[in-house]
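Read-outs: derived from the displayed coordinates by stated rules, not from any lab. Everything numeric here is computed off the predicted structure, so don't read it as measured data. Cβ placement follows ideal geometry from the backbone for every residue including glycine, while neighbour counts extend to all protein chains displayed.
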Amino acid sequence: MRSVDIGKSGVAVGMVHRTRLDAPQANSVAEHDHVSEVYHVISGSATLVTGPDLVDAQRRPLTNENVRLLNGPGSNAASIRNGVTHQLKAGDAIIIPAGTGHWFTKIDDHITYLMIRVDPDKVVPLKDEAASKAYLSGQ
C-alpha cells in the first residue's frame, strides 16, 4: 500500500488478494469514517454487501494499527441490516463511500483487486516506497 499527498487529499493505492471464504468471519464488517474506497477486480469473484446500517457496531480503538496506519477511525460490526449485495467478478469496479459498511460474505476461490483509498481529511499517514516495503515485510 502506497499513500501519497495529492494536494487537498491523500490517496493510497494497493493490490489486495483474498482467499476462499465460505462464510463471513465474526465482526468482519468494516466502516471507515473519513476514507472512501474504490475496488477494481482483477481476478476471481466474491459477494460483497454494502450499506450504512451496521448491526452491533463497535468502534475500533484509536490505538489499533489499522486505524493509525491504514484506514483511519471507523467501526467493525456483526452484519449490515438491509444491505445491498454485489456479485463482484473480474473487470468490475465498486465505490464504497466513507461511512458505508462493507463486508465480504463469500469468496468463491479468491479475489484480487486494486484498492484505491481516498482520504480527503488526511487522517492516514503518508507511506512512501520504503515504508510500504517495510510494512509488507513485517518490519
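Would you mind getting the Kirkwood hydrodynamic radius of segment 64-139 from its Cα pairs, rounded to one decimal in Å?
15.1 Å
Which of the three applies to segment 13-92, rounded, prolate or oblate, going by the alpha-carbon gyration tensor with a ≥ b ≥ c and a/c under 1.5 meaning rounded?
Cα axes put segment 13-92 in the oblate bin.
For S36, list long-range residues whose amide hydrogen, built 1.01 Å from N in the peptide plane, is under 5 Å from its own amide hydrogen.
A98, V118
Highest mean first, what order results for 42-54, 16-28 on Cβ atoms within 10 Å?
Answer by packing, highest mean first, reads 42-54, 16-28.
Summing +1 for each Lys or Arg and -1 for each Asp or Glu, what net charge is found among the other residues whose Cβ lies under 11 Å from the Cβ of D121?
Residues close to D121 contribute a combined charge of 0.
Taking amide H positions as placed 1.01 Å from N in the peptide plane, with prolines and chain starts having none, which residues 5 or more places from G74, or on another chain, fall under 5 Å of its amide H?
For G74, the qualifying residues are D33, R60.
Cβ under 14 Å from I42's Cβ, I42 left aside: what net charge do those residues give with Lys, Arg +1 and Asp, Glu -1?
0
Where in segment 52-139 are there trypsin sites (Lys or Arg not before Pro) that are in a DSSP coil and have at most 13 other Cβ atoms within 10 angstrom of their Cβ?
For trypsin sites (Lys or Arg not before Pro) across segment 52-139 that sit outside H, G, I, E and B with at most 13 neighbouring Cβ atoms in 10 Å, the list reads R81.
Give me P(r) over the chain, computed from all C-alpha to C-alpha distances, binned every 5 Å, as integer percentages.
The percentages, shortest bin first, are 2, 11, 18, 22, 22, 17, 7, 1, 0.
So if I place +1 on the C-beta of Lys and Arg and -1 on the C-beta of Asp and Glu, and nothing else carries charge, what would the dipole magnitude of the chain be about its Cα centre? I want it in debye, nearest 20.
I would put it at about 140 debye.
Could you tell me the relative contact order of segment 13-113? Use alpha-carbon pairs under 8 Å, at least six residues apart, and round to a whole percent.
Rounded, it is 52 percent for segment 13-113.
Spelling out what I want: for every residue of segment 108-117, take phi, set θ = phi - 60°, compute 6.51 cos²θ - 1.76 cosθ + 1.60 (Karplus), and round to whole Hz; glycine and proline get x.
4, 10, 6, 9, 10, 9, 7, 10, 10, 10
Using amide H atoms built 1.01 Å from N in the peptide plane, name the residues 5+ places from H110, or on other chains, whose amide H lies under 5 Å from its own.
S45
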